[in-house]
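Below is one structure, written out as C-alpha cells, with a few remarks after it.
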Amino acid sequence: MKNVFEQSVVDELVGRINVLSPASTAHWGKMSVDQMLAHVNVAYVMVYDNISPKPGPIKTFIFRLFVKGAVVGPKPYPRNGPTAPEFRMVGRKDFAQEKQRLIGYLQRVHTGGVKVFDGKSSHSFGPLTSSEWNTLFYKHLDHHLTQFGV
C-alpha cells in the first residue's frame, strides 16, 4: 500500500486527479466524475470538518465488527460495492470545487503527518493507527481514480 504521508505519493495522486476532467467517464459504477470527487471528499470531511453526526455506540460496534476490516484492510474494494448513506451522492456537483477540495485535503493529511493520525479517532471505527488511516485514504482514492481510468 502506498503511503499518503509521503510527498511523492501525494504528488502522484494529485497528478492522477489532474488528469480528470468534467468529461471523464467511469469504467464501472453509477457516479459521474464530479460525484466521485465529492464522494471521496466525505472521508476527509469527517476527519476535518466534523459536520456529520457520529453513529451511536451500537452502530459503531457493528461498524468495527463487520466493516472496519474491509475499509482499513489490504484487500482492494470490489467494483460496484455498497457504500454508506453518508457517501452517496445525488445530483451534480461542482467539478472544479470538489477537485480542489480533494487536493487540499491530501496536502493537509501529508502536512499533518503520521503523528497527527496515529491513534486519531475515526468517525465510525474509533481510534485507528496511522497505517490504518493511510489504508483508508489511499485505498479508497485509488479505487475511484482507477474507476475513472487514471
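The values are calculated or read from the model by the stated rules, or taken from the named source; none is laboratory data. Predicted, not measured: the structure shown is a model, and the values here were computed from it. Cβ coordinates were reconstructed from backbone atoms using ideal geometry, including for glycine residues, and neighbour counts include every protein chain displayed.
Please give the number of the condition T83 fails out of (1) surrounded by 16 or more Cβ atoms within 10 Å (Cβ to Cβ); (2) within 22 Å of G149 (Cβ to Cβ).
Result: T83 fails condition (1) only.
Just one of V42, V67 is surrounded by 13 or more Cβ atoms within 10 Å (Cβ to Cβ), at pLDDT 85 or above, among the aliphatic types (A, V, I, L, M) and over 27 Å from Q100 (Cα atoms); which is it?
Result of the check over V42, V67: V67.
Which one is nearest to P127 (Cα to Cα), of the residues in region 1-59 that are charged (D, E, K, R) and in contact with a Phe, Trp or Tyr (Cβ under 7 Å, 6 or more places away or on another chain)?
K2
Collect the residues in region 18-42 that are touching a residue at least 60 places away in the same chain (Cβ under 8 Å), part of a helix (DSSP H, G or I) and touching a helix residue (DSSP H, G or I) at 6+ places or on another chain (Cβ under 6 Å), keeping them in residue-number order.
Passing the criteria: D34, M36, L37, A38, H39, V40, N41.
K54 is checked against (1) in a loop (DSSP other than H, G, I, E, B); (2) surrounded by fewer than 13 Cβ atoms within 10 Å (Cβ to Cβ) and fails just one. What number does that condition carry?
(2)
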